[in-house]
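First up is the structure itself, then whatever we jot down about it.
Computed from the coordinates by the stated procedures, all read-outs in this text should not be read as laboratory data. Every value quoted in this text rests on a predicted model; they were computed, and no experiment measured them. Quick reminder, even Gly has a Cβ in these numbers, built from the backbone with ideal geometry, and neighbours come from all protein chains shown.
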């Protein structure tokens, strides 16, 4: 009788701990960009782009000048076709400069239905978030 | 009989250990959160900064890829500290050679064309005037990243307000998103007003 009771206590406590962790506000890295223009529709997790990882390796102008990335989350209309053609992310993520596109999960690693955003940006803090709740899915799009 | 006893004992010990661990964690978390008069009540505790991807709130911990990603803490360990944003002094890191970001896709990079020119903007309010250093910006960016789309390269031609910056325009295209956040007022508003200095 003892062990099932303890197991239950342990299970409840662990569950409570996980719930606590999940309830906390998102605390992703400053400058992380969630890109969810087409991912949800395609049944993929949204993309999380870590600015910090890339700026350790490249100056801003390489992507935002040479590769033509606009300074706007979700403003580039990036899809897998363009990436396979060597545009945008595909300029590096081709198995040559960086790992190739078959590692889907490394980019498509966001929590499903997270709207496109620059995480922790001033705009995100000031402007009412486009809560992409089920009642109005179109709001988070444009 | 003995086998069952051993198994139940093992289950008991594992469950007990788990429960203890969970209780300890919960207790420490509760203690950290509960003191109503703690310092920096609304600020992100230092222990939560640069969280690993599975715990950061936007990466899906259920995705196998999430657990392969590098944690920022590991990458930032050797970089100079800052008090906001990524908690990294990016310019200092580059100046000291701790990081050597490429200037092109290929490893053989031509050095960036750095322009050492400060622009002083006298501001209307009571804040110190803004000193804009081209140097630090051109270390990362090309002229064409900002001119002429964001800033007309002509003195007096650009109306800039904090409101527009906060809404992600002008300086706010980068500052408050990726470059150091707008909470660091004095990094831009750094030159005391002439009048104020005279009085």
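The simple Förster model, with R0 at 35 Å and r as the Cβ-Cβ distance, assigns residue A:94 and residue B:164 a FRET efficiency of 0.35.
In this label model, residue B:25 and residue A:5 are separated by 2.5 nm, measuring between points 7 Å along each Cα→Cβ vector. Mind giving me the nanometre distance, one decimal, between the label points for residue A:104 and residue B:135, set 7 Å out from Cα along Cα→Cβ? Calculated label separation equals 5.0 nm. Placing pseudo-labels 7 Å out from each Cα toward the beta carbon at residue B:84 and residue A:123 gives an inter-label distance of 1.8 nm. Think of it as helices only: each DSSP H run of n ≥ 4 in chain B is worth -39500 (n - 2.57), and spread over all residues that comes to -9500 deg cm²/dmol at 222 nm. Ordering of A:72-81, A:116-125 by packing is A:116-125, A:72-81, highest average first (other Cβ atoms within 10 Å, averaged per residue).
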